[in-house]
Amino acid sequence: MSAVGGDVSTIAAHAGLRLPVRTHPLQAFVTNGYAQGLGPIVSSTDLLCYVSQTARGQMLIGHEFERESSYSRQSSFQFLQSCSLKMALLLPFVRNLKILRQWTGRCDISADFSPIMGFTGVDGLVITTGWGTWGFKGIPAGGEQMAELIATNRTPDLIAPFALSRFAADHAMADQGSTGTR
Amino acid sequence: MLTITCPNCGPRPVEEFRFGGELPEPPANITGEFERDLDRVWMFTNVDGVQVERWFHEAGCHRWHTARRDTSLDRFVD
């Protein structure tokens, strides 16, 4: 099974498989500590940014993935500028916090922004990818369903719409529940 | 990557441009007409290396150009 976030196209290429996936950098940063009080994750589908508070009280802030596909993990000042501006509009009190550190990771973005799960057409290779948008919500259920797929060698009904073959069948979809796209 | 060299306008800030994605190029071993169309529309090489891609100078001359960029370093190459 291929479940390699960020390098899925490279791994699939070894099996002669081409995927509707692009790799984009995703940046985030944390601020210094603040009194505990922000329970939920706050995210805006208009501003395309989100914030949550860690157990240590730091505000974890990020926004949409970078527009240019890239494997680079270079962090940028432009990101800090645009993301902190958006967050100051969403929650004005964060203007008084200081930025502690920032980092960059890689995201698999599928062509219709929904995850891709299931058989690939290559014998013995199954795949779960395209989680680069809002995967943290869907991946526990996705993991269970993939385990069932491998154990029974058939696709469970719940993840059948997310098969790789949906692109050839003209059933591409932007699933709001798993991606947060509009 | 802070600047992009536009063939018409010269080096300009990256914020002026819109990324148009990699140039679709179905590999030669895909021969069927439907399979080539499918590959052209949906599939990406998504290479960890030099990628041929399209850029649109949205806030400038409003023209597309093709450039080569090393995606592992996020730098343009000749």
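The values are calculated or read from the model by the stated rules, or taken from the named source; none is laboratory data. Being a predicted model, the structure only gives us computed values, none of them experimental. Glycine also receives a Cβ, built like all others from the backbone with ideal geometry; neighbour counts cover every protein chain displayed. Surface areas here come from the heavy atoms of the whole protein model, side chains and all, with no ligands, DNA or RNA. Shrake-Rupley method; radii C 1.70, N 1.55, O 1.52, S 1.80 Å.
Data overview
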item: Strands (runs of 3 or more DSSP E) (entirely within chain B) containing at least 2 residues that are without any contact (Cβ under 8 Å) to a residue 40 or more places away in the chain; result: B:10-13, B:17-22, B:50-57, B:64-70
item: Positions within the stretch A:3-14 being surrounded by 15 or more Cβ atoms within 10 Å (Cβ to Cβ) and within 14 Å of chain B (Cβ to nearest Cβ), in sequence order; result: A:Val4, A:Gly5, A:Gly6, A:Asp7, A:Val8, A:Ser9, A:Thr10, A:Ile11, A:Ala12, A:Ala13
item: Check on B:Glu16, more than 10 Å from chain A (Cβ to nearest Cβ), within 19 Å of A:Phe65 (Cα to Cα) and surrounded by 12 or more Cβ atoms within 10 Å (Cβ to Cβ); result: yes
item: Evaluation of A:Trp103 against (1) within 14 Å of chain B (Cβ to nearest Cβ); (2) under 19 Å from A:Thr23 (Cα atoms); (3) open to solvent by 30 Å² or more (accessible area, probe 1.4 Å) (one fails), failing number; result: (1)
item: Residue check for A:Phe119: under 17 Å from A:Val8 (Cβ atoms), touching a Leu at 6+ places or on another chain (Cβ under 9 Å) and surrounded by fewer than 19 Cβ atoms within 10 Å (Cβ to Cβ); result: yes
item: Of all residues making up the stretch A:47-76, the number that are free of Cβ contacts under 8 Å to residues at least 40 places away in the same chain and among the hydroxyl-bearing types (Ser, Thr, Tyr); result: 3
item: Any hit, the stretch B:18-28, residues being touching a Leu at 6+ places or on another chain (Cβ under 9 Å) and modelled with pLDDT of 95 or more; result: no
